[in-house]
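These notes concern the structure reproduced below.
The values are calculated or read from the model by the stated rules, or taken from the named source; none is laboratory data. Remember, predicted model here, so these are calculated numbers, not experimental data. Cβ coordinates were reconstructed from backbone atoms using ideal geometry, including for glycine residues, and neighbour counts include every protein chain displayed. Surface areas here come from the heavy atoms of the whole protein model, side chains and all, with no ligands, DNA or RNA. Shrake-Rupley method; radii C 1.70, N 1.55, O 1.52, S 1.80 Å.
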Protein chains: 2
Amino acid sequence: MKQSIFKQRVGILRKEMAGTKADTLWIIQPENRRYVSGFKAVDTQLNESSGSLIINPENALLVTDSRYTIEAIKDARDFEVVTLKKGLVEEIPAILARLKTKVLGFEGGYVSWDLQRKMAKKLRAFSPAIRMLPMDGLIEGMREVKDRAEIRMMERSAVMMGEILDQVIAKLQPGRTEKDIARQIEELAYASGADGLAFPSIVASGPNGALPHAVPSKRKIRASEPIVFDVGIRLQGYCCDMTRTVFLGRPTPKFKEIYHVVRKAQLAAIRAVRPGMKSSQLDGVAREIIQNAGFGEFFGHSLGHGVGLATHEGPRISPLQSVRLEEGMVFTIEPGIYIPGKGGVRLEEMVVVGKHRARLLTRAGHIYDFSQ
Amino acid sequence: MKQSIFKQRVGILRKEMAGTKADTLWIIQPENRRYVSGFKAVDTQLNESSGSLIINPENALLVTDSRYTIEAIKDARDFEVVTLKKGLVEEIPAILARLKTKVLGFEGGYVSWDLQRKMAKKLRAFSPAIRMLPMDGLIEGMREVKDRAEIRMMERSAVMMGEILDQVIAKLQPGRTEKDIARQIEELAYASGADGLAFPSIVASGPNGALPHAVPSKRKIRASEPIVFDVGIRLQGYCCDMTRTVFLGRPTPKFKEIYHVVRKAQLAAIRAVRPGMKSSQLDGVAREIIQNAGFGEFFGHSLGHGVGLATHEGPRISPLQSVRLEEGMVFTIEPGIYIPGKGGVRLEEMVVVGKHRARLLTRAGHIYDFSQ
């Protein structure tokens, strides 16, 4: 019988764990938890966990509380579901003692200082004491390289988002507010069957486009100014992330030039992707074009980031980091030029690294190329 | 000249800090940051902070990066905005050294183990070394008691939510899906001018209502079964949170009885609120009624929680905690009875503690009382 994808992932994780000092893993970060177990619950507030995984060579537990027991059993078929009555810190230590854990790997980049301290204190009290060891990146590393089913889902997510954006852009009219347009995107996302938005949509017109993380305002869009759409939906957990910049009517000569430079940098980077290349080198391909055009100081962020169960995950495509690109990695290529007080142009595609080069997952909106 | 509310809050914080061992505070938790500074940015992912406050007796800094500089200056007028180029861990230590910080208070319940460790390592390297001291609850404590402007905003938020829910309930028809109804709530929220939902709406019909945290599904609602709506919007940052359970047509005798018990427990608790009473005692008022009716084992959660800039904050109204209720506290009173496989009834009001008793902030939906 074929193993479920989750059983396979637990198997890989156990092998990876065998090379570390930890004999048991505690997984509480929501995307890691979902990736390994299939448990779909999200944590609505940082300090309110809906569950943790505890994995050692023999056992795979999903510990949760009565609010989530029924979903947990349905979602995480390869896990034994344990319903806590009092809380993580109160009950997990005894479970670990029963499993004869000696060293517990935990997510140091996610678990709060306070939670770690409380847990460590309880674990030290056992005899022999249970040690805690930060073990970040194990699952994040697995998540960076997508399998075929994941790529298929992300492509569906990207196609759906593209169709929505095409519809929205086709109906743009000067005088509509950014907020109103953002709302329309969200409505269409739900109507299309998405789980929801992957992140709050950015609809940033005119000077607002100079803020890479602008929040949609009551400003009315106008003809000839750049309007930045940075949008994404989530489909069965998987995110897509894409950005288009459009003009109603003719762009001003300055913004036409800027658009041209951004698009040129983006296309060069997409064409440059090769498995085995360094991500910092890829960032450099786009950055150099923007710098040579004299806009270097107006491109302040990295070229891109991985996308998957989280909108932002590995690999980072940045001048400061150099990850080796691998077949199956999915990331964005999103150069931008931002002129304070005037506006910005950002263009973002999501690509998957193939055997030889990049393949585009986001394909909509190519009719809106204002660089010609 | 009148001080801004943020200047006042910084003043209170400085006084509170004077009673601790810390001479400087580092505030990164988004709601705390907004409460103290007015900076509205949200953090889209846990590991991606849009800014931190650094407060000592003389200085009030908002350190952020270029993505947020413009918003920061606009929102946080009483703060000096510092734009980081490299990152928190790389640059905050030098800022603290310049401020002659000796002991840095930080949010141990929010800062990750890893971030604390990296920061502490850098801070130890100075001479004299800068120490880190967890200081949770200072701002959370201030946030528990709302001022008049906050109560007014929460009341507006609650009234808006109530009007939306009334509209939605008036149009309910057997055969519509939970998902579709949840979408309608979200659309109306945006149309009403809310910032957005405070949390993903719960629309849980029939057996789904037995899951206190159900996610809206494609299940079609039916006549005579309980349908739980747990919904909230955010208005200028302030959340509301309310729950109604309704029946299309006549409830079954069993659920009529359950509804009656839940409503009785809720009204008794609302009437019992007094400044100075213990929150655990208030929980007990409702819990005893449910227990005496024979449903004790089907009410597994606490009676309520504080609401404000976060949907869930202090004070907790729970059997396990005993906070003293104070005038100006805003919290929910939300007893529920959940019958696995059959359905649930939860009723939730948001109240503010007045000089003598509770005042309801959520007032809609009283026409839907099925206990008579």
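Structure data summary
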item: Across A:Lys220/B:Lys7; A:Lys146/A:Lys179; A:Lys264/B:Lys74; A:Lys179/B:Lys355; A:Lys118/B:Lys118, pairs whose alpha-carbon gap is larger than 31 Å; result: A:Lys220/B:Lys7; A:Lys146/A:Lys179; A:Lys264/B:Lys74; A:Lys179/B:Lys355
item: Per-pair calculated FRET efficiency, R0 = 56 Å: A:Gln321 and A:Lys218 via Cβ, rounded to 0.05; result: 0.90
item: Heavy-atom accessible area per residue - the protein assembly as shown, 1.4 Å, Å²; result: 43 Å²
item: Mean Kyte hydropathy of -0.5 or more with a Cα span along the axis of at least 27 Å, helices from DSSP in chain B; result: B:148-170, B:253-272
item: Point-charge dipole on Cβ atoms (K/R +1, D/E -1) for the stretch B:222-288, about Cα centre, debye to 20; result: 200 debye
item: Relative packing of A:56-63, B:127-134, which averages over residues the other C-beta atoms within 10 Å, highest first; result: A:56-63, B:127-134
item: Solution diffusion estimate, µm²/s, Stokes-Einstein, the stretch A:148-360, Kirkwood Rh from C-alpha pairs, 4 °C, viscosity 1.567 mPa s; result: 75 µm²/s
item: Furthest towards positive pole of dipole, B:Ala189, B:Ile164, B:Pro174, structure part the stretch B:134-232, Cβ charges; result: B:Pro174
item: Under the Karplus curve 6.51 cos²θ - 1.76 cosθ + 1.60, θ = phi - 60°, whole-Hz ³J(HN,Hα) for the stretch A:73-80, x wherever Gly or Pro sits; result: 5, 5, 7, 10, 5, 8, 10, 8
item: A:Gly237 long-range amide H proximity, modeled H, under 5 Å; result: A:Asp195
item: Straight-distance crosslink candidates among aspartates and glutamates, where the alpha carbon sits under 19 Å from A:Lys85 and sequence neighbours closer than 8 are dropped; result: A:Asp43, A:Glu48, A:Asp65, A:Glu71, B:Asp283, B:Glu297
item: For A:65-76, mean number of other protein chain Cβ atoms within 10 Å; result: 3
item: Shape category assigned to the protein assembly as shown from the gyration tensor of Cα positions, a/c cut at 1.5; result: rounded
item: Which of B:Pro207, B:Leu104, B:Leu282, positive extreme of dipole for chain B (C-beta unit charges); result: B:Leu104
item: Cβ-placed point charges (K, R +1; D, E -1), dipole of the protein assembly as shown about Cα centre in debye, nearest 20; result: 420 debye
item: Inter-probe distance in nm under a simple model that places probes 7 Å from Cα toward Cβ, at B:Val89 and B:Val42; result: 2.7 nm
item: Average Cα contact separation per residue, the stretch A:5-142, under 8 Å, 6 or more apart, as relative contact order %; result: 24 percent
item: Dimensions (Å) - the stretch B:166-207, Cα atoms, principal axes, largest first; result: 31, 19, 14
item: Amide hydrogen neighbours beyond the local backbone of B:Val273, cut-off 5 Å, H modeled; result: B:Ala358
item: Stokes-Einstein D (µm²/s) once Rh is taken as the Kirkwood radius of chain A over alpha-carbon pairs, at 4 °C in 1.567 mPa s; result: 58 µm²/s
item: Size of charge dipole - chain A - debye, nearest 20, with Cβ of Lys, Arg +1 and Asp, Glu -1, no other charges; result: 260 debye
item: Per-residue average of Cβ from other chains inside 10 Å of A:293-302; result: 1
item: Structure-based [θ]222 nm, the protein assembly as shown - -39500 (n - 2.57) summed over DSSP H runs of at least 4, per residue, nearest 500; result: -11000 deg cm²/dmol
